[in-house]
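Contents: one structure, followed by commentary.
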Amino acid sequence: MDITGSELFVKALREEQVDILFGYPGGQAIDLFDALYGQRDIKVILPRHEQGLIHAADGYARSTGKVGVCLVTSGPGATNLVTGVATANYDSVPLVCFTGQVTTNLIGNDAFQEVDIVGITRNICKYAVTVRNRQDLGKIIKKAFFIARTGKPGVVVVDLPKDIQSAYGEDTYPQTIDVRGYKPSNTVHDGQIKKAIEALNQARKPLFLIGGGVNIAGAGKEMRQLAELTGMPVVTTIMGKGAIPTSHPLYVGNIGIHAGYAANAAISECDVLFSIGTRFNDRITGKTDTFAKNATLIHIDVDPASISRNIAVDIPIVADAKKAIEILLKKSNRLDCKDWLKQIMAWKEAYPLTMKSKGLTPQRIIEEINQSFQSAVVVTDVGQNQLWATQFLELDENRQLLTSGGLGTMGYGFPAAIGAKLGNPQKNVIVICGDGGMQMNIQEMATAVVHELSVIVCILNNGYLGNVRQWQEMFYHKRYSGTCLRYRKRCESDCSKPGKSCPEYTPDFIKLAESYGACGIRVTQAEEIKAALRAAINNLSAPTVIEFIIDPEENVLPIVPPGSPLSEMIMEY
Amino acid sequence: MKKRWLCLFVENEIGVLARISGLFSSKSYNLDSLTVGTTEDETISRMTISIYSDDQIFEQIKKQLNRTVEVIKVIDYTDLSIYSREIMFLKIKKCTEADKTGIFRFAQVYNVKVLDFNKTTVLLECVQVENENDKVIKLLSERFDNPFEIIRGGSVAIEAV
């Protein structure tokens, strides 16, 4: 039986077991929305802006492991997705983004709301394609889901011209697909594993470096077993944090420019660095030619292009993290590294991650969050809030962290939390964000309110774009250029100090939350944190915004100055 | 740093050339030349790419191309026995009769074909390996002061039998 392209689109979503779609309609997507009308299998969520929409799909995908699905109209609808496409793709999040497009005969004519979204997103997604023939539609949607979720997951953009949406054609949706140019690695090379084991057996100071790939592969349990079997200490990247419980005796901490001393020292001192699912981003390596300079490097990654790209590797292993760890579990044995572990833990004790200041500090707030939630999805925004969260959050199999690690997208946190809550209605979902990032997608408060999502938003309000301000303080002689959010017209342009006479902050987050129908609580004393969190937990039918008024000049420490080796950390400032 | 050759089999679809050239520009890889054309299978296009790079960047380029969905196969021609040819047209202007005689003689010696000429202009065609075409340009500009116009097609290459 012949059906329209839009009907096949809905059928395809059902076959791909899509239960939630994040959509914003418009002239060139109206047929697709029409086909979604009245059905009950796929819940359509209408965020208030397409950027919020795609971050919500991203948060849904990261927290559930399923593919997030976006549907927007052509032109501005599509271009508003762009930041979210790059954000998700950078962190290997599986998304399929459908964009409406003008009819095929108008493409290239500068038609109303026409934009070449495939051309725009080509370099920031895994695959982008325009459907040009109705008979290819089913095959292309199948291909899109297959590419998004397999190998190193990523974003696929499918551009759907309006005439394809309305054209009649076959109703069949393929069960399988073969893409001749795309064959994700399914095997693990025995010889390379053997070499890795040999290197480990000779090591005196072996160290695991775990990246986001282990979390994406769902290999946390196996990773923990492997660490326990070998007795090797574990450090992580921000994206890998939580791969083994942060309270585990073998866990040292994050490495990188805001890491604790022990983790970075372990990198500098280790003799075998066994890294899994990381691409050695500049934020973790510091100066590359001094990174793990005494070590033999083993690197497992599903993406061959991530191996030996930033750091030269001695033993490369192209494989899915989970499959490789499962094999390692069969072939590894206990290593003699007790003294090494003792040394690292002594460093950790001597130089703990802690904040010197007293009162309502980010550390105190995050520690209260640790104590208040046994199971949770914690979503951060980007900036100091994210760095503090990744320093102090305790994670395990019941507490997951979502953060924009690669692109570092401000405005990510709140909408991603909405997506996470939709995907995990039974779990507590907490956002840790700054006052700057919160304002980038604050319109999504309406989405959270109308869907009765009890997301808990913790705004750490310091009145500044804090991370940039910190760099200005440390490396730019306190020239606070463009970073003060209390600034008003009457202020001097060369201000370098917040004070009592500073103008009032705008907006009033409490009144703003209330105007949306959410609950707002302002916290100014450390003693009020617990009660505020408790009130938020008890507010089950609407979001709660807790605004924490923190020290305007609180810094993230330690810090490795830009371009320096990891060993050169500024511990105090 | 050295000159490398790649052969690419890609999907014959709209946008694939942009995908490949976009990959080079977005990663700041230096592309010397790129040619593309259809093959015996109309769903597949074949590209010949020359790159000047060091070993590490070249490895990364191959990996990046291989992970591109539209790329079916990447073959490194750098150390293989291959045949390659580049077409080049040269239009030499403001020629006197003596210039023309010299150019015709030059053409006979250096395997260059005279395609067309009039009173003042000669059009030459050279189909040779890229280096030989470089040499022709060099020799011509050394021997003749005439202004000339060049268009080069980029190399196509195939493995030897």
Worksheet item: In region A:126-142, how many are within 11 Å of chain B (Cβ to nearest Cβ) and either closer than 23 Å to residue A:87 by Cβ or open to solvent by less than 10 Å² (accessible area, probe 1.4 Å) (or both)?
Response: 5
Worksheet item: Counting just the residues of region B:140-153 that are assigned to a helix (DSSP H, G or I) and either hydroxyl-bearing (Ser, Thr, Tyr) or open to solvent by 30 Å² or more (accessible area, probe 1.4 Å) (or both), which one comes out nearest to residue B:35 (Cα to Cα)?
Response: B:141
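Give the residue that is surrounded by the most Cβ atoms within 10 Å (Cβ to Cβ), with candidates limited to residues of region A:308-321 that are more than 14 Å from chain B (Cβ to nearest Cβ) and touching a helix residue (DSSP H, G or I) at 6+ places or on another chain (Cβ under 6 Å).
A:321
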Worksheet item: When you go through (1) in a helix (DSSP H, G or I); (2) buried (at least 16 other Cβ atoms within 10 Å of the Cβ); (3) not assigned by TED's automatic domain parsing to the domain that holds residue A:431; (4) not charged (D, E, K, R) one by one for residue A:335, which number turns out not to apply?
Response: (1)
Discussion item. Could you list, ordered by first residue, the pairs with Cβ atoms under 7 Å in which the first is in region A:232-252 and within 19 Å of residue A:335 (Cα to Cα) and the second is modelled with pLDDT under 95, at least 6 apart or interchain?
Written reply: A:232/A:337
Worksheet item: Just checking, which of A:325, A:307, A:315 is under 25 Å from the mean Cα position of the chain (by Cα), farther than 17 Å from residue B:61 by Cβ and of a type in the set (A, V, I, L, M, F, W, C)?
Response: A:325
Worksheet item: Do we have any residue at all in region B:89-105 that's part of a strand (DSSP E or B), in contact (Cβ under 8 Å) with a residue 60 or more places away in the chain and either touching a Gly at 6+ places or on another chain (Cβ under 8 Å) or outside the structural domain of residue B:8 (by TED's automatic domain parsing) (or both)?
Response: yes
Discussion item. Looking at region B:28-45, can you tell me whether even one residue there is part of a helix (DSSP H, G or I) and facing chain A (nearest Cβ under 10 Å)?
Written reply: no
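Return the residue satisfying two criteria in turn: it lies in region B:76-88 and is closer than 19 Å to residue B:45 by Cβ and either touching a Leu at 6+ places or on another chain (Cβ under 7 Å) or in a loop (DSSP other than H, G, I, E, B) (or both), and of such residues it is nearest to the other protein chains (Cβ to nearest Cβ).
Ranking the qualifying residues of region B:76-88, first place goes to B:76.
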Worksheet item: How many of the residues in region A:111-125 are open to solvent by 10 Å² or more (accessible area, probe 1.4 Å) and among the polar types (S, T, N, Q)?
Response: 2
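Could you grab me the full set of residues in region A:192-206 that are open to solvent by less than 10 Å² (accessible area, probe 1.4 Å), in contact with a strand residue (DSSP E or B) (Cβ under 6 Å, 6 or more places away or on another chain) and more than 13 Å from residue A:334 (Cα to Cα)?
Scanning region A:192-206 gives a single hit, A:196.
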Fill in: Number of the condition not met by residue A:108 [criteria: (1) open to solvent by less than 30 Å² (accessible area, probe 1.4 Å); (2) free of Cβ contacts under 8 Å to residues at least 12 places away in the same chain]
(1)
Practice prompt. From the list A:276, A:344, pick out the single residue that is in contact (Cβ under 8 Å) with a residue 40 or more places away in the chain, over 28 Å from the mean Cα position of the chain (by Cα) and away from chain B (no Cβ under 14 Å).
Written response: A:344
Worksheet item: Does residue B:17 meet the test of being open to solvent by 70 Å² or more (accessible area, probe 1.4 Å), within 19 Å of the chain's Cα centre (by Cα) and within 12 Å of chain A (Cβ to nearest Cβ)?
Response: yes
Worksheet item: In the list A:167, A:217, A:144, which residue meets the criterion of being closer than 30 Å to residue A:255 by Cβ and either modelled with pLDDT of 95 or more or in the same structural domain as residue A:237 (by TED's automatic domain parsing) (or both)?
Response: A:217
Practice prompt. Taking the residues in region A:1-38 that are farther than 20 Å from residue A:58 by Cα and of a type in the set (Val, Ile, Thr) as candidates, determine which candidate is farthest from the chain's Cα centre (by Cα).
Written response: A:3
Worksheet item: In this structure, is residue A:426 open to solvent by 20 Å² or more (accessible area, probe 1.4 Å) and not in a helix (DSSP H, G or I)?
Response: yes
Worksheet item: For region A:473-501, what are the residues that are among the polar types (S, T, N, Q) and either at pLDDT below 95 or more than 22 Å from residue A:573 (Cβ to Cβ) (or both)?
Response: A:493, A:496, A:501
Item to complete: Evaluate region A:279-293: report whether one residue or more is open to solvent by less than 20 Å² (accessible area, probe 1.4 Å), within 25 Å of residue A:404 (Cα to Cα), in a helix (DSSP H, G or I) and among the polar types (S, T, N, Q).
Response: yes
Discussion item. Filter region A:163-221 down to the residues that are farther than 30 Å from residue A:283 by Cβ, of a type in the set (A, V, I, L, M, F, W, C) and within 31 Å of the chain's Cα centre (by Cα) and list them by number.
Written reply: A:177, A:179
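Being modelled with pLDDT under 95 and of a type in the set (Ser, Thr, Tyr): is that true of residue A:185 here?
For residue A:185, the condition - modelled with pLDDT under 95 and of a type in the set (Ser, Thr, Tyr) - is met.
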Practice prompt. Looking only at region A:163-189, count how many residues are open to solvent by less than 100 Å² (accessible area, probe 1.4 Å), more than 14 Å from chain B (Cβ to nearest Cβ) and without any contact (Cβ under 8 Å) to a residue 60 or more places away in the chain.
Written response: 2
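Residue-wise test of (1) under 20 Å from residue A:251 (Cα atoms); (2) open to solvent by 10 Å² or more (accessible area, probe 1.4 Å).
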{"position": "A:393", "(1), (2)": "yes, no"}
{"position": "A:414", "(1), (2)": "no, no"}
{"position": "A:438", "(1), (2)": "no, no"}
{"position": "A:443", "(1), (2)": "no, yes"}
{"position": "A:451", "(1), (2)": "no, yes"}
Worksheet item: Restricting attention to region B:46-75, and to residues there that are within 19 Å of the chain's Cα centre (by Cα) and open to solvent by 10 Å² or more (accessible area, probe 1.4 Å), which single residue is nearest to the other protein chains (Cβ to nearest Cβ)?
Response: B:74
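Answer yes or no: is there a residue in region A:531-544 that is assigned to a strand (DSSP E or B), assigned by TED's automatic domain parsing to the domain that holds residue A:472, farther than 28 Å from residue A:283 by Cβ and not acidic (Asp, Glu). Walk me through how you get there before you give the answer.
The initial filter retains those residues of region A:531-544 that are assigned to a strand (DSSP E or B), namely A:544.
So of that shortlist, the ones also assigned by TED's automatic domain parsing to the domain that holds residue A:472 come out as A:544.
Checking which are farther than 28 Å from residue A:283 by Cβ leaves us with A:544.
Checking the rest, the ones that are also not acidic (Asp, Glu) come to A:544.
Scanning region A:531-544 turns up at least one residue that is assigned to a strand (DSSP E or B), assigned by TED's automatic domain parsing to the domain that holds residue A:472, farther than 28 Å from residue A:283 by Cβ and not acidic (Asp, Glu).
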Worksheet item: Is at least one residue of region B:92-105 open to solvent by 80 Å² or more (accessible area, probe 1.4 Å), modelled with pLDDT under 95 and of a type outside the set (Lys, Arg)?
Response: no
Worksheet item: Within region A:487-510, is there a residue that is open to solvent by 50 Å² or more (accessible area, probe 1.4 Å), under 26 Å from residue A:369 (Cβ atoms), touching a residue at least 12 places away in the same chain (Cβ under 8 Å) and not polar (S, T, N, Q)?
Response: no
Discussion item. Going by what's in this entry, would residue A:111 be described as of a type in the set (A, V, I, L, M, F, W, C) and assigned to a helix (DSSP H, G or I)?
Written reply: no
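The values are calculated or read from the model by the stated rules, or taken from the named source; none is laboratory data. Since the structure is predicted, the reported quantities are computational estimates derived from the model, not experimental observations. Positions of Cβ are generated from backbone atoms using ideal geometry, with glycine treated the same way; all protein chains shown enter the neighbour counts. Areas reflect the complete protein model, heavy atoms only, side chains present, ligands, DNA and RNA absent. Shrake-Rupley method; radii C 1.70, N 1.55, O 1.52, S 1.80 Å.
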